[in-house]
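Below is one structure, written out as structure tokens; the observations come after it.
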Ligand SMILES: C[S@@+](CC[C@H](N)C(=O)[O-])C[C@H]1O[C@@H](n2cnc3c(N)ncnc32)[C@H](O)[C@@H]1O
């Protein structure tokens, strides 16, 4: 478990934006991303701790460990020490701003050159000989029509007993549950210091970009994509973690 670095404060939506664009993982976002994650994702640090715990248990020598949608490398920085030395760690990221900063972040810990960061669309990534694949808050940004094929590709590329760790924002079938958890999530953001303007503008910017599944949809996706088990391992408001075993 590692101490998190401090980062610049997220002010991306602090001022009124006349022509609001869809959310992008731009340089502006990359510059404040650690702060944005900490203040926007309930339980973010705990999720990283869980990913470390699971990776420690499931990563096998001479296999690959993938982090799909690795952003600035926070997950890789958390888990690389607990993996067998013979593991190859592959971070995949399609935002050039994120890749640039991720490579800089990873450089000091990449003494054995067993970490590579690939600038590519994860839908084009070949998954092979993998014992652990992490998708921390990434599948939710993949077009819904492509999600099953991404999970199938991961299942095919995992060794027997390998795992996918999937952490996502979710929706709920039950209207009361949806509204209660939405309201609590807004309270969480207020408590983190975000203004009403920031909350409203960010929500609007994400509306067509981040499409949450429900927990049952995620489990069904995993099952029909070739995983034998899909187990809920955490929930913090409307953010969940699942582990899918091949
Ligand atoms: C919410 S962030 C993930 C946070 C990161 N996993 C962490 O724990 O710090 C989602 C990331 O997925 C990346 N992403 C979204 N769609 C992608 C795609 N098709 N291929 C590769 N990366 C993608 C985004 O650029 C962004 O950096």
| query | Just a yes or no: is a residue in region 55-67 within 17 Å of residue 137 (Cβ to Cβ), modelled with pLDDT of 95 or more, buried (at least 19 other Cβ atoms within 10 Å of the Cβ) and within 14 Å of the chain's Cα centre (by Cα)? | reply | yes
| message | For region 200-235, give me each residue that is surrounded by 17 or more Cβ atoms within 10 Å (Cβ to Cβ) and assigned to a strand (DSSP E or B). | response | 213, 230
| task | Determine whether residue 55 is under 20 Å from residue 80 (Cα atoms) and in contact with a helix residue (DSSP H, G or I) (Cβ under 9 Å, 6 or more places away or on another chain). | result | yes
| said: Can you pull out every residue in region 31-56 that is more than 30 Å from residue 183 (Cβ to Cβ) and out of contact with any strand residue (DSSP E or B) (no Cβ under 9 Å at 6 or more places or on another chain)? | reply: 31, 52, 53, 56
| query | Can you spot a residue in region 24-33 that is within 13 Å of the ligand (Cβ to nearest atom), in a helix (DSSP H, G or I) and buried (at least 20 other Cβ atoms within 10 Å of the Cβ)? | reply | yes
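The values are calculated or read from the model by the stated rules, or taken from the named source; none is laboratory data. These figures come from a predicted structure and were not determined experimentally. All Cβ positions, even for glycine, are placed from backbone atoms using ideal geometry, and neighbour counts span all protein chains on display.
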